[in-house]
1. Pick out the one residue from 42, 85 that is of a type in the set (Val, Ile, Thr) and out of contact with any strand residue (DSSP E or B) (no Cβ under 7 Å at 6 or more places or on another chain).
2. Restricting the search to segment 42-68, which residues are among the hydrophobic types (A, V, I, L, M, F, W, C) and more than 60 Å from the chain's Cα centre (by Cα)?
3. How many of the residues making up segment 333-351 are in contact with a strand residue (DSSP E or B) (Cβ under 9 Å, 6 or more places away or on another chain) and surrounded by fewer than 15 Cβ atoms within 10 Å (Cβ to Cβ)?
4. Report whether or not residue 203 is surrounded by 13 or more Cβ atoms within 10 Å (Cβ to Cβ) and assigned to a loop (DSSP other than H, G, I, E, B).
5. Just checking, which of 375, 398, 452 is under 25 Å from residue 464 (Cβ atoms) and either in contact with a helix residue (DSSP H, G or I) (Cβ under 9 Å, 6 or more places away or on another chain) or assigned to a loop (DSSP other than H, G, I, E, B) (or both)?
6. Tally time: how many residues in segment 194-231 are touching a residue at least 40 places away in the same chain (Cβ under 8 Å) and within 30 Å of residue 331 (Cα to Cα)?
7. Based on this model, can you work out whether residue 217 counts as outside any loop (DSSP other than H, G, I, E, B), modelled with pLDDT of 95 or more and in the same structural domain as residue 140 (by TED's automatic domain parsing)?
8. For the subset of segment 317-362 comprising residues that are among the polar types (S, T, N, Q) and in contact with a Lys or Arg (Cβ under 9 Å, 6 or more places away or on another chain), which member is nearest to residue 304 (Cα to Cα)?
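The values are calculated or read from the model by the stated rules, or taken from the named source; none is laboratory data. Just so it is clear, the model here is predicted, and its values are computed rather than measured. Cβ sites come from the backbone with ideal geometry, for glycine too, and all protein chains shown count toward neighbours.
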Amino acid sequence: MRRRKKNNMTMYIVGGSIILIILIYILIAAYFSRHFFMNTKINGNDFSLKSVSEAEQFFKDQVSEYSLAIVDINGGKETISSSDILLTYKENDEIEGVLKKQGAFLWPKSFFGDNSAEVSFDMSFDDTKLQEKINALAIIQAGQTPSQSAAPAFDGSQFVITPEVYGVTATPETMKEKVTSAILQLLPEMNLAEQGFYETPRFSSESLEVQQACEKMNGYCKASITYNMDVPVVIDGTTISTWLSVDGDMNVVLDENAIRAWLEQFGNQYDTVGTTRTLTTPTGKSTSVTGGTYGWSINEDAEFEAIRNALNNQEVIAREPTYYNSGVAASHTMPDWGSTYAEVDLSAQHMWYIVNGAVAMESDVVTGVPVPARATPEGVYTILEKKLDKVLVGEKDANGKPEYETPVDYWMRITWQGVGFHDAKWQSAFGGSRYKNGYGSHGCVNMPVSKAAELYNMIEVGTPVVVHF
């Protein structure tokens, strides 16, 4: 009998405990029907065990004090505050919906999980004022721009890496869409880079390709070429840098056209063949001479190869330019024929042979008839050959016979077209205006036999000859 009573008592206790547990569970569920679970975050804010009204009040307070920080790619910040756009909070069912969705009787799971939620609020703001704030943002003011990769740039002494520039893709329309969404969620910050408002350049300052390109370009700039002209002409890093660039893949490009353009300018400055030179004759007359074959003539193709090899090998060298055959002169200073030369004054019909600046011999002469086919050509030439007992042969006529065949004792060629100094036994006199009055030559410089012999015995092949009016 006692055992039965004891068993009944146990059953009552167990049953009562179960009922109590159920009652407590229901009471807790009832609590969570009006409060949020543990670990509940709404828009990043912790509302564990808080009521809807408390959450509503929190967000109302947030709205009145709200500001959105807009962060650019460099960390700079601009803000839009609630007062800027007249932002006001309007209650809706979003927060209530988070509470209902959690399911009050499922409260035990809240201790073991994350109950975060994102909601949007019914808020009103002045659309015009928001648009004004967006239009005033620095990123919008800058406008859309393409990105620029980091790249080597010459700073006056060496190539350094210019940092990359991020492109801007933001438009007022896309910015307003993103900003509005952030405001409606009361987000404290919006990162423009994370929102995709920048275009990432292909190469940055840290890119190996950029660093290698910079190193290679500085290697080229270590070269130095000095041309020993009257005043030394130096190709150094400052000049070389203008010939260097990188392509879209960051490969270094040596601009060969730029090198050739430099050589062309170099040649224009120092080439003298055919240029106009000024001089003073032994009589004191100031005049000028243009044309001819004598003078400096730089072989630009050969110098291009020399420069390119020096750059590739990072050489520091001094050199004389390579000249074309016969493209050299006595001096880089003017007149470039130096102090030893023959001179023919076509106006005075007189010639001089000047040695080391002093007249060594002179003579009256008869030059070509002043018509295009027979005129003695003006210009600066050289003695190309010397021959004794030369037969001068003219051009052939329609019958195939030469216009003339004239033997001379002393021949000193000036041009390969048949102009030269020679004796002229057939001339009864020299100088004056005979060359105009029917006694002119076919272009040669006629001299008395004795004077031709004297010149022949003094002058050397290669001696400059200056022919002028």
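1. Sole residue among the options that is of a type in the set (Val, Ile, Thr) and out of contact with any strand residue (DSSP E or B) (no Cβ under 7 Å at 6 or more places or on another chain): 85.
2. At the first step, the residues of segment 42-68 found to be among the hydrophobic types (A, V, I, L, M, F, W, C) are 42, 47, 49, 52, 55, 58-59, 63, 68.
Scanning segment 42-68 gives 49, 52, 55.
3. 3
4. Details: surrounded by 13 or more Cβ atoms within 10 Å (Cβ to Cβ): yes; assigned to a loop (DSSP other than H, G, I, E, B): yes.
Taking the combined requirement at face value, the residue satisfies it.
5. 375
6. 8
7. Working: outside any loop (DSSP other than H, G, I, E, B): yes; modelled with pLDDT of 95 or more: yes; in the same structural domain as residue 140 (by TED's automatic domain parsing): no.
No.
8. Once the filter is applied, the top-ranked residue is 347.
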